[in-house]
Amino acid sequence: MDRWKQLSGSEITLLDHVFWSSRISRESLAACSSFSKTRANAAVAGMLEQGVLESTGEPVATALLAHHSEPADVRDGPTAVLARVRGLMRELLKRSGARARDVIGIGVGVPGPVDFEHGQLVSPPLMPEWDAYSIRDDLKADFTAPVFVDNDVNVMALGELWRLQRTLPNFLVVKVGTGIGCGIVCHGQVYRGANGSAGDVGHICVDPNGPRWHCGNVGCVETMAAGPAIARAATAAAQEGQSPLLARMLKARRVLRLQDVAEACRAGDVAANAVVQRSGALIGAMLASVVNFHNPSHIFIGGGIQRIGPFFLAAVRQSVYHRSLPLSTRHLEIQYTPLGERAGIIGAAVLAMQESLRLREAVR
């Protein structure tokens with residue numbers, strides 16, 4: 001952190017270019033930054049001496065130094081959840097041989113609408129106790145590094161943007177799990193809208209006669225096609241005798257979850273396939289409107305839905321291609337996120353680094 005504070009404006013500019021490249025030569029760094037070779041070489045030499053940069057002939061494959069994953073229930077409230085997060089962060093730093101003062105920035109992704117400027121959730125449907133809670137202040141109890149908070153799907157989009165080294169300027173990342181959200185990358189940047197709520201597609205209506213959701217609207221794609229909706233439809237199929245496999249699962253496990261439906265779907269269960277096909281068709285119908293509006297080159301789908309495999313993707317593709325304008329889908333590719341479950345954690349690191357660089361540049 002101390003070395004970070006000593007960086008000059010030129011060094012920060014070059015560091016940003018290095019960060020978004022898997023590897024880059026000094027000559028290429030000078031060209032893309034519009035610096036002279038002498039100026040670029042001097043800045044690189046300084047950062048190498050300070051230990052900010054390392055010289056390597058191999059591309060960097062991952063941003064992860066240490067990783068831990070465990071279930072968390074946001075209904076436990078921010079105090080309990082973030083206390084556990086702080087404890088895990090201390091453990092991961094110790095495992096990496098680092099200290100709290102070595103942390104440059106902290107990136108946090110949360111499943112709800114975020115006021116990005118203030119780093120706070122605003123009326124989050126899935127986690128009401130977190131409304132206006134200061135995650136930044138909470139984490140400052142253990143860390144002095146700046147904290148940046150964003151919607152979890154925006155964070156996933158940043159992860160994919162880093163993986164792609166910003167080679168795709170316009171794409172979408174869609175998360176389908178407990179809820180449904182969309183991260184929008186426009187002209188090589190995550191687009192958050194005027195207040196941070198861009199991409200909140202889960203409340204787009206796909207059936208005006210559908211059930212009422214907790215947001216107060218009816219027929220939201222989230223209530224009709226997300227993970228809980230898939231589990232409810234599978235449970236109904238088991239109880240109505242449509243699937244002996246799902247019925248056995250329900251009897252043994254007492255409750256069906258998305259991963260159970262995925263297992264049945266992979267086993268070729270007809271009822272499970274029908275549930276997944278309907279979910280994919282509804283999500284595809286929602287995405288068709290987004291595709292017509294944004295015209296992305298790619299849609300990357302992540303979240304728990306990835307466990308289902310290619311059958312869900314096929315249903316989404318069929319619905320999108322059927323409902324979208326031909327020009328919008330001429331070169332459109334729809335696939336699962338290549339980063340998989342790592343998209344969020346890598347994206348959080350990207351968020352922390354990107355915003356820390358901007359913050360350091362702004363104070364100069």
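The table for this structure:
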| quantity | calculated |
| --- | --- |
| Count of the range 95-114 residues which are charged (D, E, K, R) and at pLDDT 95 or above | 0 |
| Where Ile334 falls short, out of the listed (1) over 30 Å from His17 (Cβ atoms); (2) part of a strand (DSSP E or B); (3) open to solvent by 20 Å² or more (accessible area, probe 1.4 Å) | (3) |
| Residue tally, condition open to solvent by less than 40 Å² (accessible area, probe 1.4 Å) and either β-branched (Val, Ile, Thr) or more than 17 Å from Gly284 (Cα to Cα) (or both), over the range 190-205 | 6 |
| Residues of the range 313-336 classified as touching a strand residue (DSSP E or B) at 6+ places or on another chain (Cβ under 9 Å) and closer than 10 Å to Val291 by Cβ, total | 4 |
| Val103 vs. criteria over 24 Å from Gly304 (Cα atoms) and open to solvent by less than 50 Å² (accessible area, probe 1.4 Å) | yes |
| Residue within the range 82-100 that is surrounded by 13 or more Cβ atoms within 10 Å (Cβ to Cβ), closer than 23 Å to Asp152 by Cβ and touching a residue at least 60 places away in the same chain (Cβ under 8 Å) present | no |
| Leading residue by the ranking (surrounded by the fewest Cβ atoms within 10 Å (Cβ to Cβ)) among those in the range 29-45 that are of a type in the set (Gly, Ala, Ser) and touching a Ser or Thr at 6+ places or on another chain (Cβ under 8 Å) | Ser33 |
| All positions within the range 219-242 that are among the hydrophobic types (A, V, I, L, M, F, W, C) and either more than 26 Å from the chain's Cα centre (by Cα) or under 30 Å from Val185 (Cβ atoms) (or both) | Cys220, Val221, Met224, Ala225, Ala226, Ala229, Ile230, Ala233, Ala234, Ala236, Ala237, Ala238 |
| Candidate set from the range 160-189 (those that are out of contact with any strand residue (DSSP E or B) (no Cβ under 9 Å at 6 or more places or on another chain) and under 29 Å from Val74 (Cα atoms)); member that is least open to solvent (accessible area, probe 1.4 Å) | Gly179 |
| For Phe312: the one exception among (1) of a type in the set (Phe, Trp, Tyr); (2) open to solvent by 30 Å² or more (accessible area, probe 1.4 Å); (3) touching a Gly at 6+ places or on another chain (Cβ under 7 Å) | (2) |
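The values are calculated or read from the model by the stated rules, or taken from the named source; none is laboratory data. What you see is a predicted model, and the numbers here were worked out from it, not measured in a lab. Note: ideal-geometry Cβ built from the backbone for every residue, glycine included; neighbour counts use all protein chains shown. Accessible surface is based on the protein model in full, side chains and every heavy atom, while ligands, DNA and RNA are left aside. Shrake-Rupley method; radii C 1.70, N 1.55, O 1.52, S 1.80 Å.
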